[in-house]
Structures are given as C-alpha cells and as structure tokens.
Amino acid sequence: MGLKKVILCAIAASMLLTGCAAKDGTVSSGEKNSQTVQTEEKTGQMERTYEAEEQYVKMLGRTHSENGILWLAHSASGVEFKVKGTKCSVKIIGDSMIAAEDNQARFAAFVDGERVVDEMITQSEVTYDVFSYDEEKEVTVRLMKISEAANSILGIDEITVTSESDIAPTEEKELKIEFIGDSITCGYGVDDEDRDHHFSTKTEDATKAYAYKTAELLNADYSLVSYSGHGIISGYTTQGKKVIAQQLPKKYDRFAVSGGNGSDGFSAAAVDWDFTKFVPDIIVINLGTNDCSYTGKDEALIKEYSESYTKFLAKVRKNNADAHIICTLGVMGADLYNAMCEAAENYTAETGDENISTFRLSTQDGSTGFAADWHPTAATHDIAAAELADYINASVL
C-alpha cells in the first residue's frame, strides 16, 4: 500500500458531514473513492502520507523496498517527486551505524535544486521538515543519501505533504548513465579541503563529485555503484598486500554491501540487484587508482589487473546488453591507464564487442587544492565532469 493515510485538514464538523473519514480522520488508499474525492474538492488541502513507491516517486540510483521502507545505500541514491502544496516532511529510518561517528549515513533534501536539509542520521527514526509555505507552491523535491554504501544505509519510511492532490514522480530522462567507481566517484572528503585529514561520511558528498555533476551536465538520470578504497583486484594498501575484501567486481551484482544493517535486520548485501530496474545507455567505469597501490610497477601484477578488468567488462556487459561502456582513469593518477586500455582492447578482441571506449581524465595538480587524504576538491570534480561530459557529447551520443 503506497498511500498510507489521508488526513483531512478540515474542521470536525465538515468531516462528520462527509461521512467518509474514520474517527481519527484517516482514510486508507483502498477506501479512497468518489466520495473521498468530493470531500477533497470541498475541503481543499489535505495531509497525505505516502510510502516511497514508484507510483508516487522516481527512484534515483539503486533502491530497495522492504516491509514498506525504501532503503538507500549507494551515493546519491534517493527519490524525486513533484508536489503542489504548503508542507512536506519525511520520516527517515536509521541503521546499526547511528552511533558510529564518521560512519553514519548523511542525508540531504533539495527543493527545486536548493539544499534545505543536510543531516547525519544519528537516530533510529527521525522526521525532517522539507518545506513549509504560507501559500501553495508547485515544487520538485529530491531526497537523497549523499554518503556511500560501505559505511551505512538509511530508509525512507514516510513522505507527508499537505496538498490538494497526490505527489507524482518526475519524468524519466532520455539519457541514463551508470557510474562504477571508488572514493573519487563517492565524493570522498570533498567537504574537507585539508589533505592531511582522513575519511568521514560527514565530509563525503556525492553531489559535489564528477559523476553526479556529469549526469547534471548531460541532463541524465544516473546510478552510482561506488565504494571507497576499492579496485578491480585489490583495495588500497600501504603494505603491498592484496586487499581482496575490496574487489568491487564481487559486489557489483549485489544491491549494495554495507557495514550498516536495518533495525529490522535488513541486509543490503543479501539482496540480488535486479538489472532491469535501471537500464543505462552509458556505463562509466573508473577503477584502478586503488589497484595501483598494490600493483606498483610489477609487470605480473599489472597484467593481473588488466586480465581481471577484461573479465569484469564481460560481467558488466552480461547485465547491460546495449550500454556503451567507457573505461576511464586519471584524476588521482593514471599509472594503470595503459593496462586499462589493454583490458578494453582484449575484451573487444575476445568478444567482438566494439561498444566500448577509453578516456583519460586529467590528473589533479594541486592548482584547485586537495581534499581529505589528497582527494579531489569540488573544483577539481568540476573539471573532471566537464571533460567527461564533453567526451560523451562528442564521441558517444
């Protein structure tokens, strides 16, 4: 049931006259009929509470509904809808990481593109006011998780509005892009421009990173599948040892893999991702920055990276038959760029699939500063987004 309840915002006498509301003023969606519609016409605005279902909202990125809660895990995942009304609020469900400082989920709400809520989820349940107007306005609302999947998840339980009509999903865009990447794609440390500081979900914001910005420049719907520290064959290492637990290809077909679980025991990793839910026209893979910390200049390890990358391309293609795949690298170093290109060439040679290309992003030089742990700043992400969008416009679309 998507429409949980409809509370009439009228005086008690008018509710008694209509005879269609319960004593507490609620009407379930199953009970809503022509008499209810007539009541709406007479009383004007009503308070309405919804579950985040496709009938009412557009899904942004990978989402999963379980027992009436829409779970968000990945960076920039969420929902978007249109509403004409005076008030809006959202009830958010926290996960098992609500007390884990630097790992809590970061939530943001936008109204017509303006950020109106930006909070860390530190409670098992919390309701945020999204807007409140004296007069009715028609607006677009976007509710998003802006930190990454690896640390925590959050759920949307209820969306409540005061309006004359139902909320409605925004229109699907003609272009859809999936981004597969690491901390750069997640927006690691972008809100902390001190290169000597370290990771925290408090300073991570995917909406300021190149992937999200590229989608905006191209007016595209998007999905981000990205995990900080991850690579093709190894996660980031300072000891020369392979970090198998941070091999992204093993996690690609999961809804998400996270350190946080829902209060009801919900586990994102236990859910297979349904690739029919988001069918991209373009897939951008940006993996290799962390692998480089493991491979160094060892030719055997570089070959392992390239061969494993080729296998991952086959896995991506299996689940996305028609998408153009772009393999890219470079923002935080391009040491494995040639090996990445070789992987793409070998994939085409083995399969005959030519719907793939490679593109090198400019390496940051410090002229626009550095964020936490030497990650790109918002300004550096702007440069990368412009480069990638220009390449897609010129060579793919």
*Does any residue of region 42-57 turn out to be under 19 Å from V161 (Cα atoms), open to solvent by less than 40 Å² (accessible area, probe 1.4 Å), modelled with pLDDT under 55 and in contact with a Ser or Thr (Cβ under 8 Å, 6 or more places away or on another chain)?*
yes
*Return the only residue of S228, S163 being modelled with pLDDT of 95 or more, under 23 Å from R254 (Cα atoms) and hydroxyl-bearing (S, T, Y).*
S228
*What's the number of the condition V279 fails, among (1) surrounded by 22 or more Cβ atoms within 10 Å (Cβ to Cβ); (2) among the hydrophobic types (A, V, I, L, M, F, W, C); (3) within 28 Å of S395 (Cα to Cα)?*
(1)
*Do we have R115 as surrounded by fewer than 19 Cβ atoms within 10 Å (Cβ to Cβ) and in a strand (DSSP E or B) here?*
yes
*Which residues, counting only those in region 300-337, are open to solvent by 40 Å² or more (accessible area, probe 1.4 Å), charged (D, E, K, R) and touching a residue at least 12 places away in the same chain (Cβ under 8 Å)?*
K303, E304, E307, K311, K315, D322, D335
_Where R317 falls short, out of the listed (1) of a type in the set (K, R); (2) within 21 Å of S395 (Cβ to Cβ); (3) touching a helix residue (DSSP H, G or I) at 6+ places or on another chain (Cβ under 7 Å)_ = (3)
*Can you name the number of the only condition in (1) open to solvent by 70 Å² or more (accessible area, probe 1.4 Å); (2) at pLDDT 95 or above; (3) small (G, A, S) that S263 fails?*
(2)
*Enumeration of residues in region 147-185 that are charged (D, E, K, R) and part of a loop (DSSP other than H, G, I, E, B)*: E148, E164, D166, E171, E172, K173, E174, D182
*asked:* If I filter region 186-208 down to residues being hydroxyl-bearing (S, T, Y) and part of a loop (DSSP other than H, G, I, E, B), which single residue comes out as surrounded by the fewest Cβ atoms within 10 Å (Cβ to Cβ)?
replied: S200
_Contact list please: Cβ distance under 7 Å, first residue in region 183-201 and under 19 Å from A100 (Cα atoms) and among the hydroxyl-bearing types (S, T, Y), second residue in a helix (DSSP H, G or I) and at pLDDT 95 or above, pairs at least six apart or on different chains._
Y188/A372
*asked:* I need the full set of residues from region 274-320 which are among the small types (G, A, S) and either within 16 Å of I180 (Cα to Cα) or part of a strand (DSSP E or B) (or both), in order please.
replied: G288, S308, A314
*Within region 209-222, can you find the residues that are in a strand (DSSP E or B) and surrounded by fewer than 24 Cβ atoms within 10 Å (Cβ to Cβ)?*
A220, D221
*asked:* Can you tell me how many residues within region 339-369 are surrounded by fewer than 18 Cβ atoms within 10 Å (Cβ to Cβ) and either basic (K, R) or closer than 26 Å to E204 by Cα (or both)?
replied: 8
*Quick one: is D390 outside any helix (DSSP H, G or I) and either farther than 23 Å from T310 by Cα or among the hydroxyl-bearing types (S, T, Y) (or both)?*
no
_Yes or no: region 60-81 includes at least one residue that is farther than 19 Å from E164 by Cα, in a loop (DSSP other than H, G, I, E, B), open to solvent by 30 Å² or more (accessible area, probe 1.4 Å) and without any contact (Cβ under 8 Å) to a residue 60 or more places away in the chain._
no
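The values are calculated or read from the model by the stated rules, or taken from the named source; none is laboratory data. Here the structure is a predicted model, which is why all the values come from computation and not from measurement. We place every Cβ from the backbone using ideal geometry, glycine too, and count neighbours over all the protein chains shown. The protein model used for the area step is the full one, side chains on, heavy atoms only, and it has no ligands, DNA or RNA in it. Shrake-Rupley method; radii C 1.70, N 1.55, O 1.52, S 1.80 Å.
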